[in-house]
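This report refers to the structure that appears directly beneath it.
The values are calculated or read from the model by the stated rules, or taken from the named source; none is laboratory data. Because the structure is a prediction, the values reported are computed rather than measured. Every residue, glycine among them, receives a Cβ derived from its backbone with ideal geometry; neighbour counts consider all protein chains shown.
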Amino acid sequence: MKLIEQTIKNVSEEIYADVKKEVLYVRGELAGANDMTLGERIFKVVEEKGNLIKFPIADEELSGFICEYKGEVFVYINTYLPLDKQIFAAGHELYHLIKTSNEENELLKSKELACEKDVTVKNLNDSKANLFSALLLVPVEALQKELTLMNVQSAKELTLLHIIKLMDAFAVPYKTIVIRLYEIDFINKEQAEEWLEIEDRNPDGGVLFEIKKHQIGERWQQSTGEVKCSDLRAQVMDNQADELFPEEKIEEFMDLIKEASGGNNE
């Protein structure tokens, strides 16, 4: 099934509206900044609600995860990935973080809508987290303003260069921008599918090639390799009784912690 057919917007307007309400609540916590572009500030938002751990693992399929250890909630982001994917992953994990928090607002408590029983979206909870991240990072008001600034009035006027500029403005991946344009009804389903057929990670053609050619938003395509341990260093060293991570990862984590601290693990 094509990606656009699996979007919540395409499958269930009710679920889409429910996630949108959750995003509005979170943005309300951010001083009601409904049109504010978060970008890298999403990491600060995550840190305010949990312990943020960042380090690189050479696995392009692993973007991040959330776990709990001894009453502490940890959010991991894989900094091996391009920065725009790290940012999107942070928004995705923020959804899970809020949903599992014991101190969450009643509005955000996990619940199953009646319509969800009939929805055929694979991994619905993760799809909702992806939608949450996209709505949070690319608010409709800001997206419409950017289109106006570029003097793009209709889908017929939209070019790949315009989309690349939007990627740079919001610091999110190519597919996120295309899907958001579909979700706000700026492009239709068929047009979205055509845009999504363009390769986005090939340096010799497609989106990444155009980014490098025009030198727009190149920093978002770079792997940062950043290491941020929060208080993981102490937690990992105390990993004997209860596992925060699988045992096979512990040695790798400890090596990264040693390297990040200049080799001093005292």
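Criterion first (closer than 14 Å to residue 82 by Cβ, modelled with pLDDT of 95 or more and surrounded by fewer than 15 Cβ atoms within 10 Å (Cβ to Cβ)) does residue 219 satisfy it? When the stated conditions are applied, residue 219 passes them.
Residues considered: 48, 40, 60. Of these, the only one that is surrounded by fewer than 21 Cβ atoms within 10 Å (Cβ to Cβ) and closer than 14 Å to residue 173 by Cβ is 60. Modelled with pLDDT under 90, closer than 24 Å to residue 217 by Cβ and over 11 Å from the mean Cα position of the chain (by Cα), is that true of residue 58? For residue 58, the condition - modelled with pLDDT under 90, closer than 24 Å to residue 217 by Cβ and over 11 Å from the mean Cα position of the chain (by Cα) - is not met.
Across region 114-126, a minimum of one residue is classified as under 20 Å from the mean Cα position of the chain (by Cα), modelled with pLDDT under 95 and at positive phi. Does residue 163 satisfy being touching a residue at least 24 places away in the same chain (Cβ under 8 Å), assigned to a helix (DSSP H, G or I), surrounded by 23 or more Cβ atoms within 10 Å (Cβ to Cβ) and touching a helix residue (DSSP H, G or I) at 6+ places or on another chain (Cβ under 8 Å)? For residue 163, the condition - touching a residue at least 24 places away in the same chain (Cβ under 8 Å), assigned to a helix (DSSP H, G or I), surrounded by 23 or more Cβ atoms within 10 Å (Cβ to Cβ) and touching a helix residue (DSSP H, G or I) at 6+ places or on another chain (Cβ under 8 Å) - is not met.
Is it the case that residue 17 is at pLDDT 90 or above, more than 30 Å from residue 189 (Cβ to Cβ) and hydrophobic (A, V, I, L, M, F, W, C)? For residue 17, the condition - at pLDDT 90 or above, more than 30 Å from residue 189 (Cβ to Cβ) and hydrophobic (A, V, I, L, M, F, W, C) - is not met. Across region 1-10, the qualifying residues are those that are surrounded by fewer than 18 Cβ atoms within 10 Å (Cβ to Cβ) and more than 18 Å from the chain's Cα centre (by Cα), and the one among them that is farthest from residue 180 (Cα to Cα) is 1. Residue 193: without any contact (Cβ under 8 Å) to a residue 40 or more places away in the chain, among the acidic types (Asp, Glu) and more than 19 Å from residue 147 (Cα to Cα), yes or no? Here the answer is no, as residue 193 does not meet what is asked. Determine whether region 7-20 contains at least one residue that is farther than 15 Å from residue 134 by Cβ, without any contact (Cβ under 8 Å) to a residue 60 or more places away in the chain and not polar (S, T, N, Q). Yes, because at least one residue in region 7-20 is farther than 15 Å from residue 134 by Cβ, without any contact (Cβ under 8 Å) to a residue 60 or more places away in the chain and not polar (S, T, N, Q).
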